[in-house]
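Heads up, the thing below is written out as structure tokens.
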Amino acid sequence: MLRVITANLNGIRSAASKGFYEWLAEQQADVVCLQEIKAQEADLSRDLREPAGWNVRFHCAEKKGYSGVGVFARSAVNGWVEGIGEPEFDAEGRYLQADIETSVGPLSVISLYLPSGSSSDERQAAKFRFMDRFKPHMAALRASGREIIVCGDWNIAHREADLKNWKSNQKNSGFLPEERAWLSALFDEQGWVDVYRSLHPDTTDACYTWWSNRGQAWAKNVGWRLDYQIATPGIAGLARSATVFKAQRFSDHAPLTIDYEVGLKA
């Protein structure tokens, strides 16, 4: 099995202090995609920057304490791609691709942190700019012939079942009609697969991966499903299990783990 985990850490040092690395050591994961590192590599201790047994790469934001993504891989990585070729967003550390070899051929695993638009109209406009640029990038990935898994915090809840209070959030960032239609286009027009939903098509409350720190959102499970593994049909069809880990909190997000019936090549 190929075990892939995606986790928005809301600060890698904060998550580490809450036991994330100890938890990860027990997961037998093959590839781990991290978002919201919120650090430069020079700010990290060696244990966080170079954990034993992993091939590690970070794509950090230029702004300190902001954004940033990372990938940990157990196998050899044949190539890395940082950014999507868009300076505005590449400076924010939002995309990191690792190319590995598997039993089903070349595979690219991508850690993505799609912008949030919730803080201001300006950030929502930036989110839409990113989406406009990223859609053709996704099309190019599909046309590459490789198997692809795009992991990360997409900052969009796709369906009504993907958040608790969908009726009251229809005019809020993360559940806007334009955002949901954009995700639908990736699935329906480009042929990408929402792997969690392919395994759990009807799940509601159990699917959430993010809870606001305001009020009693966590205690009352007033959550959103914002973290996805979106894959090409070939490898998506080999997914066998998908779980959201909620027994321990490392962040305002929960890790999403998916197992694929795929072997890794050394």
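The values are calculated or read from the model by the stated rules, or taken from the named source; none is laboratory data. This is a predicted model, so every value here is computed, not measured. No Cβ is skipped: glycine too gets one built from the backbone with ideal geometry, and neighbour counts run over all protein chains shown. The accessibility values were calculated without ligands, DNA or RNA, using every heavy atom of the protein model including side chains. Shrake-Rupley method; radii C 1.70, N 1.55, O 1.52, S 1.80 Å.
For the chain, CYS60, CYS207 stand unpaired, since no other cysteine beta carbon lies under 4.7 Å from theirs. Over all pairs of different C-alpha atoms, the chain has a mean inverse distance whose reciprocal, the Kirkwood radius, equals 18.4 Å.
The amide H of ALA39, built 1.01 Å from its N in the peptide plane, has ALA61, GLY65, TYR66 as neighbours under 5 Å, considering only residues 5 or more places off or on other chains. Rounded to the nearest whole Hz, the Karplus-based 3J(HN,Hα) values (6.51 cos²θ - 1.76 cosθ + 1.60, θ = phi - 60°) of the stretch 106-123 follow the sequence x, 10, 10, 10, 10, 9, 10, 10, 5, x, 8, x, 6, 7, 5, 4, 5, 6, with x at glycine and proline. A helix-only calculation puts the chain at -6500 deg cm²/dmol for mean residue ellipticity at 222 nm, using -39500 (n - 2.57) for each DSSP H run of at least four residues, averaged over all residues. Looking at the calculated P(r) for the stretch 170-217, what percent of the C-alpha pair distances fall above 18 Å? The calculated P(r) of the stretch 170-217 puts 50 percent of pairs beyond 18 Å. Restricting the calculation to alpha carbons of the stretch 100-207 gives Rg and Dmax of 14.9, 46 angstrom.
For THR209, the residues whose amide H sits under 5 Å from its own are TRP224, ARG225, LEU226, ASP227, ignoring neighbours fewer than 5 places away on the same chain, with H placed 1.01 Å from N. Annotation note: GluC sites (Glu not before Pro) in the stretch 137-237 located in DSSP loop regions with a Cβ neighbour count of at most 14 within 10 Å are GLU189. When all alpha carbon pairs of the stretch 9-155 are counted in 10 Å bins from zero, the resulting P(r) reads 11, 41, 34, 14, 0 %. How big is the accessible area of ASP121 in square angstrom, nearest 10, if you roll a 1.4 angstrom probe over the protein chains? Near enough 130 Å² of accessible area. Couplings 3J(HN,Hα) of the stretch 84-89, computed from phi: 10, x, 10, x, 4, 9 Hz, in residue order, whole Hz [Karplus 6.51 cos²θ - 1.76 cosθ + 1.60, θ = phi - 60°; x for Gly and Pro]. Dimensions of the stretch 17-87 along the principal axes, based on C-alpha atoms and rounded to the nearest Å, stand at 37, 30, 17, largest first. Amide H to amide H distances under 5 Å link SER241 with ASP259, where only residues 5 or more positions off or on other chains count and H is placed in the peptide plane.
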